[in-house]
Amino acid sequence: MWTWHPEAEQPATDAAKRVLDPEDPAMETPFMRELIRQVRATDTFGAWDHYEDATLLDPFILTPERKRAIPVVSDPDSETVTRLRTFYNAVAARLETRTGLMGIPVVNLSHEGFGRAFVLVGKLVAVDKPLRDVHRFGFASAEKLTNRGERLVDAGLSLVERFPEAARA
């Protein structure tokens, strides 16, 4: 009789190994703390309560090995789309924290992985990012993840400061 032993299945590459170090200084930045909060908010049943933060954020990091394991042309799976939405939720939450005005993330995505991500503050489009190849959404390192998130937040903040009437409308 055949029995399946998942521990016996070894990945062909190191793509499945965790690459995000829990001691990475980027893990303590405000953006990463918010991203962790947003990831944990998607866990409605508490299944991830016993996981440490680095394990939850590890799928956001795409090493070259992980990128090679993803096909060049593919439709994004639901986990990748959830990571994308979680990232922009964190951007909106950080923008809300820094401005005191509610940020609303909007992700418009085709089944092929093309679209746009917006963060609206009042009637102002504070963040507008075109999306392509969403099936390969990820960052080379925790530092790049933090930098990209904070850069989007800073750009949104400068627009809110430049057009306060639209942001407060």
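So, R0 is 22 Å and r is the distance between the beta-carbons of Leu101 and Arg148; what FRET efficiency does that work out to, to 0.05?
Taking R0 as 22 Å, the efficiency between Leu101 and Arg148 is 0.50.
Pick out, in residue order, every one of the trypsin sites (Lys or Arg not before Pro) in segment 48-148 that is DSSP loop and has at most 13 other C-beta atoms within 10 Å; say none if there are none.
When the trypsin sites (Lys or Arg not before Pro) of segment 48-148 are filtered for loop state and at most 13 Cβ neighbours within 10 Å, Lys123, Arg132 remain.
Rounded to the nearest 5, what % of DSSP beta bridges with both residues in the chain are antiparallel?
Antiparallel bridges: around 95 percent, rounded to the nearest 5.
Determine the dipole magnitude for segment 42-116: charges of +1 sit on the beta-carbon of Lys and Arg, -1 on that of Asp and Glu, nothing else is charged, the reference point is the Cα centre, and the result goes in debye to the nearest 20.
420
I need the GluC sites (Glu not before Pro) found in segment 38-145, filtered to DSSP loop residues with at most 16 other beta carbons within 10 Å of theirs.
In loop regions of segment 38-145 (DSSP not H, G, I, E or B), the sparsely surrounded GluC sites (Glu not before Pro) are Glu52, Glu112.
Can you give me the angle between helix 142-162 and the longest principal axis of the chain, using Cα atoms only, in degrees from 0 to 90, rounded to the nearest 10?
Result, in degrees: 20.
Expressed as a whole percentage, what fraction of the accessible surface of the chain belongs to carbon and sulfur atoms when a 1.4 Å probe is rolled over the protein heavy atoms?
Here it works out to 54 percent.
Label-point separation (nm) for Thr42 and His111, each offset 7 Å from Cα along Cα-to-Cβ?
In this crude spin-label approximation the distance works out to 2.1 nm.
Can you spot the aspartates and glutamates whose alpha carbon is less than 12 Å from Lys17's alpha carbon? Ignore those fewer than 8 places along the same chain.
Asp58, Glu65
With angles folded into 0 to 90 degrees, how steeply does helix 30-41 sit against the dominant principal axis of the chain? Use alpha carbons for both and round to 10.
So the inclination is approximately 60 degrees.
Per residue, what accessible area does segment 69-169 have, given a 1.4 Å probe and all protein chains present, in Å²? Mind dumping the intermediate values first?
Values: 5450 Å² over 101 residues.
Each residue of segment 69-169 exposes 54 Å² on average to a 1.4 Å probe.
Enumerate the lysines that Lys123 could reach by cross-link, defined here as Cα to Cα under 30 Å, with residues fewer than 8 away along the same chain left out.
Lys144
Along segment 81-93, what does the Karplus equation 6.51 cos²θ - 1.76 cosθ + 1.60 (θ = phi - 60°) give for ³J(HN,Hα), rounded to whole Hz, x for Gly and Pro?
5, 5, 4, 4, 5, 5, 4, 6, 4, 5, 4, 5, 5
Taking the Cα centre of segment 31-169 as origin, work out the dipole magnitude from +1 charges on Lys and Arg Cβ and -1 charges on Asp and Glu Cβ, in debye rounded to 20. Before the final figure, lay out each step's value.
Values: 20 positive and 19 negative charges, 85 e Å.
Computed charge dipole of segment 31-169: roughly 400 debye.
Quote the charge dipole size of segment 74-129 about the Cα centre in Debye, to the nearest 20; the model charges only the Cβ of Lys and Arg (+1) and of Asp and Glu (-1).
Roughly 340 debye for segment 74-129.
Rg and Dmax of segment 56-121 over Cα atoms: what are they, in angstrom?
That works out to 14.0, 41 Å for Rg and Dmax.
Within the chain, which is the longest segment that contains none of the chymotrypsin sites (Phe, Trp or Tyr not before Pro) sitting in a DSSP loop with at most 16 other Cβ atoms within 10 Å?
With chymotrypsin sites (Phe, Trp or Tyr not before Pro) excluded where exposed in loops, the chain gives 52-113 as its longest stretch.
The values are calculated or read from the model by the stated rules, or taken from the named source; none is laboratory data. These numbers come from a predicted model, not from an experiment. Counting neighbours? That spans all protein chains shown, and the Cβs are built from the backbone with ideal geometry, glycine included. The accessibility values were calculated without ligands, DNA or RNA, using every heavy atom of the protein model including side chains. Shrake-Rupley method; radii C 1.70, N 1.55, O 1.52, S 1.80 Å.
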